[in-house]
Amino acid sequence: MQNDSDRFFVLTGGPGSGKTTLIEALRSAGLATSPEAGRGIIRDQLAIGGPALPWHDPAQFAELMLSWELRSYRAALEQNGPVFFDRGVPDTLGYLRLTGLPVPDHVRNAAERFRYASHVFIAPPWPEIFRQDSERKQTLDEAERTYHALTGIYTELGYELVALPLAPVEARLRFIFAVAGLQLEPRR
């Protein structure tokens, strides 16, 4: 791997498509991971009675997402080896586009400056596993629209999207390791 962006792998896609489960499996396999901004922000905002929730103030929520993703990127610079991100800086652009909010220059600049590996793993909508919960209030239709918004953003930014198979976690892990050129160690 030539530079940091070559070892930073993004897993993105709409909500409820198995990304977080896959990130947890990657962590269990001993790899460095970075958690999703959205769920963390929602949990924190609900805990403190904060206004930066996607259903109250989507613009403020987007700013917190961007801040979280930039901090995660900087923290990953301190890690050795590959790092897998549950979403990346460009997801903030996708969220703004999805909600119809203007994309400020600083958000676009961040997405252009903080780069990841050229292959971005995208989880397609998967109705069979999609579930709503207290933090995921989106409908399946919104999840599908999120997927399409993210596909557009990552493509515009010059990334090559690699669709994850609709398959069990172990098969998805093998797929990611093969595409990323990593060796999957057997679990003990």
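Values in this text are rule-based calculations from the coordinates and carry no lab data. Keep in mind the model is a prediction, meaning the values are calculated, not measured. Neighbour counts are summed over all protein chains in view; Cβ atoms, including those assigned to glycine, are modelled from backbone coordinates with ideal geometry.
Select from segment 70-93 the residues that are out of contact with any Lys or Arg (no Cβ under 7 Å at 6 or more places or on another chain), closer than 18 Å to ARG115 by Cβ and not hydrophobic (A, V, I, L, M, F, W, C) and list them in ascending order.
From segment 70-93, those out of contact with any Lys or Arg (no Cβ under 7 Å at 6 or more places or on another chain) are 70-80, 84-85, 87-92; that's our starting set.
If we keep only those that are closer than 18 Å to ARG115 by Cβ as well, we get 70-79, 84-85, 87-92.
Scanning segment 70-93 gives ARG71, SER72, TYR73, ARG74, GLU78, GLN79, ARG87, GLY88, PRO90, ASP91, THR92.
How many residues does segment 2-30 contain that are over 19 Å from PRO165 (Cβ atoms) and not polar (S, T, N, Q)? Can you show your working first?
First pass over segment 2-30, keeping only residues over 19 Å from PRO165 (Cβ atoms): 2-8, 27-28, 30.
After this cut, where a residue has to be not polar (S, T, N, Q) as well, the list is 4, 6-8, 27, 30.
The total comes to 6.
May I ask you to list pairs of residues, at least six apart or on different chains, whose Cβ atoms are under 7 Å apart, with the first in segment 154-173 being over 29 Å from ALA110 (Cα atoms) and the second being of a type outside the set (A, V, I, L, M) and assigned to a helix (DSSP H, G or I)?
If the second residue must be of a type outside the set (A, V, I, L, M) and assigned to a helix (DSSP H, G or I), the pairs left are PRO165/ARG172; PRO165/PHE175; VAL169/THR21.
What is the one condition in (1) surrounded by fewer than 19 Cβ atoms within 10 Å (Cβ to Cβ); (2) within 16 Å of the chain's Cα centre (by Cα) that GLU78 does not satisfy?
Here GLU78 meets the rest and fails (2).
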